[in-house]
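Below is one structure, written out as structure tokens; the observations come after it.
The values are calculated or read from the model by the stated rules, or taken from the named source; none is laboratory data. Quick caveat: nothing in here was measured; it's all calculated off a predicted structure. Here Cβ is always computed from backbone atoms with ideal geometry, including for glycine, and neighbour counts include all displayed protein chains.
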Amino acid sequence: MAETLDGLKVRIRELEKEVERWKSQVKSVRYGLNWMDVPEAFDKDSEDKIPILEEVAEKAVDAEGPLTGKPPHVIIEGDNYHALTCLNYTHRGKIDVIYIDPPYNTGSDGFTYKDKRFLTEFPDGQKVPKEHPLRHSYWLSFMEKRLNLAKKLLRDEGVIFISIDDNEQANLKLLCDKVFKEENFITSIPRITKRGGKSSDAIARNHDYLMVYSKTSSYNLIPFEHDDSDFKYKDEFYEERGFYKLNQTLDYDSLQYSAGLDYPLNFQGEIFYPGSSKEKYDERKKGNFKRADWAWRWSKEKFKFGEENGFIVLKKSKNGKRIYTKTYQNATIEDDGDGYKVVIKKRTAPVSTLKLCENEFSNDNATKDLVEVLGKKDFDYSKPVALLYFIEKIATHPSSSGTFRPPVILDFFAGSGTTLHATLNLNKEDGGIRQCILVQQSEGDNNICENVTYERNRRVMCGYTNAKGENVEGLGGSLKYYKTGFVGKHQSKNANDADKVELAEKAGCLIALAENTLDTIKVPEAAKGFWQIYSDNAEKKKRYTCIYHNGDYGKVSDFVAKIDELRTTDKKSKFTVYVFSWNSPDFFENEFDDLKNIEIKAIPKPILEIYKALNG
């Protein structure tokens, strides 16, 4: 017995050593994407200061009319890394859908990367050619930083769509597996880029991809309404149930045979059998049936309910009579446990991954969309409105169910601004309140953001004359335009008191965007330099964001009096008050004891805390 125990102990020690060897191998051998992570150089201001947003007030657009309650769309001009940093304060966990069309890194698409190290053969800031030894490392370093920032912006139910082609598709898949986790990969959809065209190779490259990831497993994409040409019949239930089609007989022989669904059916004074044969029915009842053989699709109880509620049709043909069931566009029969009921709901169908192979999604149509509005191309890599309309249609409701919260869509490689154009189309079509945020850098002398991204959507909102000289009515909507800026003399992690004071003074646009109260309220001349007030554009139950940003508290009483004055116009208004404080705003709570619906927050510490976390 002792020898047996000794032998077991030896064997256990051997197994423990084997487990440790496996652990060591798992740690040293990884599956995934590895590359040389190249530090990215920014200009001196952005490396040594704190990012903020500054409004360009003269570029605001209001084609919707006052007091609609609909949130303005937002365009941010600047490097998307800095804009994403700002958005991590204003919109962390608030974005429903992200779409991006990053550089494909073809060697000729203008992708640049500023390597922070000193290089002579491939100087900083030049276009990255195909022969560059760090071509893929540059692109992956560039994308990983931005995708990590973007992930934090998504709601738990949020999704991201990324356009890409074969140059980086495989690398992007592995990078997104790392950032968003492999289990949150939804699909990769091929998209037609052009129908024809010459190619010097044996195989023409006529498609790219739309890669789709979710932030968590709880994402919710919306299937399209099922509406094909077979839905063409009307009956007395049309107003409620819509059209119906007759493409399903009540009997079938393609599934596993069920004796319980094989029975005579008395309908309109005649007896019917599955498969229209009494003789074969009798044979089946004797036990002579195949694995898949004739039976009804519905039980006796469901058939009785369907007959009483207009779901059954008897069709005659030269081969005899058959029983059919109606398939309605907007109605089905369901059993909720208490019996059968007619449930009114729109019939939907999954979206095919081949959907984007239809010609409306091609780059030819992207060019037509741009020329239609601007009268000229003026941008080389735009996407068609139909593509972004498709994405927003399956990924957003007109407003968040039951809350009227605006679904928020972000595109931080905005290019020609197609994403906002599609949002305007969709909001006009279904009365939605989707809010779109675009980020685009100026890109040289032409300033793509101002002259293309902004100008295109300004015209779409307000109306324009198209390339044919025809007047096109505007789609409405409102827009705020911001630029990224910088304050202080140190990064957020090293901010001194002077930096904090300047940040509090200049953070108004950041705070207003975080609260989605983007309209500036005029304040007395004496208040300037001490406080700012913003509001949304609702007619009633307005929301106000009030910011006391000065460390001199001598005008706090005037600030409180102004808030009280605003409350007299609408007692149900909600006020969020930000007060400059080195630590906590609790010191000021007594100042607002007589005011209701007041929430007090401190600045600038929460902004700095988020920035510090991002910068490590």
Checklist entry - polar (S, T, N, Q), free of Cβ contacts under 8 Å to residues at least 12 places away in the same chain and not assigned by TED's automatic domain parsing to the domain that holds LYS500: does that describe ASN105? => result no
Next on the checklist: Restricting to the stretch 477-519, name every residue that is among the aromatic types (Phe, Trp, Tyr) and more than 24 Å from HIS73 (Cβ to Cβ).
Outcome noted: PHE486
Next on the checklist: Quick check on my filter: what residues within the stretch 240-272 are assigned to a loop (DSSP other than H, G, I, E, B) and touching a residue at least 12 places away in the same chain (Cβ under 8 Å)?
Outcome noted: GLY242, PHE243, LEU250, ASP253, SER254, LEU255, TYR257, SER258, ASP262, TYR263, PRO264, GLN268
Item to check | The listed residue being within 30 Å of LYS346 (Cβ to Cβ) and surrounded by fewer than 18 Cβ atoms within 10 Å (Cβ to Cβ), out of ASN288, ASN247, ASN266, ASN319 | outcome: ASN247
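If I filter the stretch 273-306 down to residues being hydroxyl-bearing (Ser, Thr, Tyr) and in a helix (DSSP H, G or I), which single residue comes out as nearest to the chain's Cα centre (by Cα)? Show your work before the answer.
First, pick out the residues of the stretch 273-306 that are hydroxyl-bearing (Ser, Thr, Tyr): 273, 276-277, 281, 299.
With in a helix (DSSP H, G or I) added as a condition, the list becomes 276, 281.
Values: SER276: 52, TYR281: 55 Å.
The selected residue is SER276.
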Checklist outcome for this item: Residues of the stretch 427-476 being under 15 Å from VAL385 (Cα atoms) and out of contact with any Leu (no Cβ under 9 Å at 6 or more places or on another chain), in sequence order, are GLU429
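Considering each residue of the stretch 72-96, count those that are at negative phi, part of a loop (DSSP other than H, G, I, E, B) and either in contact with a Ser or Thr (Cβ under 8 Å, 6 or more places away or on another chain) or crowded, with 22+ Cβ neighbours inside 10 Å (or both), and give that number. First the steps, then the outcome.
In the first step, residues of the stretch 72-96 are kept if they are at negative phi; the result is 72-77, 79-92, 94-96.
Still in the list and also part of a loop (DSSP other than H, G, I, E, B): 72, 79, 91-92, 94.
Then keep just the ones that are either in contact with a Ser or Thr (Cβ under 8 Å, 6 or more places away or on another chain) or crowded, with 22+ Cβ neighbours inside 10 Å (or both); that gives 72, 79.
Number of matching residues: 2.
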Next on the checklist: Pairs please, first residue from the stretch 71-88 and touching a residue at least 60 places away in the same chain (Cβ under 8 Å), second anywhere and part of a loop (DSSP other than H, G, I, E, B) and hydroxyl-bearing (Ser, Thr, Tyr), Cβ atoms under 7 Å, 6+ apart in sequence or on different chains.
Outcome noted: GLU77/SER442
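Quick check on GLU609: is it surrounded by fewer than 17 Cβ atoms within 10 Å (Cβ to Cβ), acidic (Asp, Glu) and either without any contact (Cβ under 8 Å) to a residue 12 or more places away in the chain or within 24 Å of THR90 (Cα to Cα) (or both)? Outline the logic, then answer.
Values: surrounded by fewer than 17 Cβ atoms within 10 Å (Cβ to Cβ): yes; acidic (Asp, Glu): yes; either without any contact (Cβ under 8 Å) to a residue 12 or more places away in the chain or within 24 Å of THR90 (Cα to Cα) (or both): yes.
So GLU609 passes the test.
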Item to check | VAL313 hydrophobic (A, V, I, L, M, F, W, C) and free of Cβ contacts under 8 Å to residues at least 40 places away in the same chain | outcome: no
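Being charged (D, E, K, R) and not in a helix (DSSP H, G or I) narrows it down to one residue among ASP177, ASP227; which is it?
Numbers: ASP177 fails: not in a helix (DSSP H, G or I).
None of the other options fit; the residue is ASP227.
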Item to check | Sole exception among (1) farther than 30 Å from SER492 by Cα; (2) in contact with a Leu (Cβ under 8 Å, 6 or more places away or on another chain) for TYR544, by number | outcome: (1)
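What is the residue count in the stretch 423-444 for residues that are in a helix (DSSP H, G or I) and either among the hydroxyl-bearing types (Ser, Thr, Tyr) or not assigned by TED's automatic domain parsing to the domain that holds ARG405 (or both)?
Looking only at the stretch 423-444, we keep the residues that are in a helix (DSSP H, G or I), and these are 423-430.
Still in the running and either among the hydroxyl-bearing types (Ser, Thr, Tyr) or not assigned by TED's automatic domain parsing to the domain that holds ARG405 (or both): 423.
Matching residues across the stretch 423-444 total 1.
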Checklist outcome for this item: Of the conditions (1) under 24 Å from MET143 (Cβ atoms); (2) at pLDDT below 95, the single one that ILE100 does not satisfy is (2)
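What residue, among those in the stretch 273-310 that are touching a residue at least 40 places away in the same chain (Cβ under 8 Å) and of a type in the set (D, E, K, R), is nearest to GLY260 (Cα to Cα)?
So in the stretch 273-310, the residues touching a residue at least 40 places away in the same chain (Cβ under 8 Å) come out as 276, 293-298, 303, 307, 310.
Imposing the further condition that a residue be of a type in the set (D, E, K, R) reduces the set to 293, 297, 307.
Numbers: ASP293: 13, ARG297: 10, GLU307: 19 Å.
Applying the filter and picking the extreme gives ARG297.
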